[in-house]
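The values are calculated or read from the model by the stated rules, or taken from the named source; none is laboratory data. None of these values were measured; they are calculated from a predicted model. Glycine gets a Cβ as well: all are built from the backbone with ideal geometry, and neighbour counts include every protein chain shown.
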Amino acid sequence: MNLYEIDNAILECVDQETGEIIDTDKLTSLQMARDEKIENIGAWIKNLLSDAEQLKAEKMKLADRQSAAERKAASLKNYLTTALDGEKFNSPRVAIGWRKSAQLHIIDIDKLPKKYLKFAAPTADKTGIKKAIEAGENIEGAEIVRINNIQIK
């Protein structure tokens, strides 16, 4: 669904699957007014962002449905585990069996030898560092870089 009309000459310069500009020279040399070209590309970006938002919403709906189905299946597995109590079951539609496995339970992590412990690498508190620098504090190893971000409305 397009919110805006986008010139086909611009669309031909971009790979429709990946979104990559495949012919920068052709896009630059298009014989249309600069403002018209910029307006068409800006409108196309708005279309793509609208599509992305709709896809994100659909993905979230599907993820919710997936989680609900997985929770139901886990609950039903627990029910069957209790009902069958290790007994096998076979019918033309389903076969239920059992497989032995071993599962490790950590009783006291403080008593484990150090060679079996994993430590996460430190991460920077970017929000805190940025606030400190903006407040005038000198933080070695970090700096604030000013950039321009495009806004399309």
Lone qualifier among 84, 117 - being in contact (Cβ under 8 Å) with a residue 12 or more places away in the chain, farther than 30 Å from residue 11 by Cα and either touching a strand residue (DSSP E or B) at 6+ places or on another chain (Cβ under 7 Å) or surrounded by fewer than 10 Cβ atoms within 10 Å (Cβ to Cβ) (or both): 84
Could you tell me whether any residue of the stretch 143-152 is modelled with pLDDT under 95, in contact with a Gly (Cβ under 7 Å, 6 or more places away or on another chain) and closer than 30 Å to residue 41 by Cα? yes
Residue 129 among the hydrophobic types (A, V, I, L, M, F, W, C), farther than 30 Å from residue 38 by Cβ, within 34 Å of the chain's Cα centre (by Cα) and surrounded by 10 or more Cβ atoms within 10 Å (Cβ to Cβ): yes
Given (1) over 30 Å from residue 49 (Cβ atoms); (2) without any contact (Cβ under 8 Å) to a residue 12 or more places away in the chain; (3) within 32 Å of the chain's Cα centre (by Cα), index of the condition residue 136 fails: (3)
Please go through the stretch 129-153 and give me each residue that is part of a loop (DSSP other than H, G, I, E, B) and among the basic types (Lys, Arg), ordered by number. 146, 153
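Residues are listed down the side, and each one gets a yes or a no for (1) modelled with pLDDT of 95 or more; (2) loosely packed, with under 10 Cβ neighbours inside 10 Å; (3) of a type in the set (Phe, Trp, Tyr); (4) within 21 Å of residue 151 (Cα to Cα):
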site: 21; (1), (2), (3), (4): no, no, no, yes
site: 25; (1), (2), (3), (4): no, yes, no, no
site: 31; (1), (2), (3), (4): no, yes, no, no
site: 68; (1), (2), (3), (4): yes, no, no, no
site: 100; (1), (2), (3), (4): no, yes, no, no
